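The values are calculated or read from the model by the stated rules, or taken from the named source; none is laboratory data. Quick caveat, the model's predicted, so the values are computed rather than measured. Note that each Cβ is placed from the backbone with ideal geometry, even for glycine, and that neighbours are counted across all protein chains shown.
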Amino acid sequence: MLRTLKDLFDAALAPPAATAGAEHTIELATAVLLVEVMRADASLDAAERRAVVAALRDKFDLAPDEGERLAERAVAAARDATDFHAFTSRINERFAMPQKLRMVEHMWRVAYADGTLSAHEQHVMWRLADLLHVPHGAYIHAKMRARAAAEG
């Protein structure tokens, strides 16, 4: 029994040598939030899907096929998630405010990608930005930049 407890603690307190695994986790957490914005309106639009993959490629310097695979994993993870805390807390641990602001701007680009912005998308965006501790003024500026990019 003591051996089992020791194994459990050893697994839980594993050294942070696996930084690639940690990066993978932050990538998936980011992808889940982007996908959740995509899923916020009634239809899953191809333009929104492209915006998710483009955001992932920009944020993590991924190849096109890597972005697609990460987006697929994120769709499954978002569908199975009961809340966003596990994802937003990981991002809050790893991203500084400028990185979170860039991410919020990417989320707005996903929301605007299909040419419409629903009330539910706005609500999801507000909730996620709040969980990421993004100040309201910065949140609004990210929205304005994304809207300008969508119109331009």
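Residues in the stretch 77-102 that are of a type in the set (Gly, Ala, Ser) and surrounded by 13 or more Cβ atoms within 10 Å (Cβ to Cβ): ALA77, ALA78, ALA81, ALA86, SER89.
Each row is one residue, and each column tells you yes or no for (1) out of contact with any His (no Cβ under 8 Å at 6 or more places or on another chain); (2) small (Gly, Ala, Ser); (3) within 22 Å of MET144 (Cβ to Cβ).
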{"position": "ARG49", "(1), (2), (3)": "yes, no, no"}
{"position": "PHE60", "(1), (2), (3)": "yes, no, no"}
{"position": "ALA81", "(1), (2), (3)": "yes, yes, no"}
{"position": "LYS100", "(1), (2), (3)": "no, no, yes"}
{"position": "MET103", "(1), (2), (3)": "yes, no, yes"}
{"position": "ALA111", "(1), (2), (3)": "yes, yes, yes"}
{"position": "SER118", "(1), (2), (3)": "yes, yes, yes"}
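Here GLU27, GLU121 are screened, and the one residue that is surrounded by 14 or more Cβ atoms within 10 Å (Cβ to Cβ) and within 28 Å of GLY152 (Cα to Cα) is GLU121.
What do you reckon, is PHE60 aromatic (Phe, Trp, Tyr), surrounded by fewer than 18 Cβ atoms within 10 Å (Cβ to Cβ) and touching a helix residue (DSSP H, G or I) at 6+ places or on another chain (Cβ under 7 Å)? In short, yes. The set of residues in the stretch 104-135 being basic (Lys, Arg) and farther than 15 Å from ASP45 by Cβ consists of ARG127 alone.
Looking at GLY137, is it exposed (fewer than 14 other Cβ atoms within 10 Å of the Cβ), small (Gly, Ala, Ser), over 17 Å from LEU56 (Cα atoms) and at pLDDT 95 or above? Against the criterion (exposed (fewer than 14 other Cβ atoms within 10 Å of the Cβ), small (Gly, Ala, Ser), over 17 Å from LEU56 (Cα atoms) and at pLDDT 95 or above), GLY137 qualifies. Within the stretch 130-140, work out how many residues are farther than 12 Å from HIS106 by Cα and part of a helix (DSSP H, G or I). Here the count works out to 6. For the stretch 43-74, a tally of residues being assigned to a helix (DSSP H, G or I), of a type in the set (A, V, I, L, M, F, W, C) and either closer than 17 Å to THR25 by Cβ or more than 13 Å from the chain's Cα centre (by Cα) (or both) returns 7.
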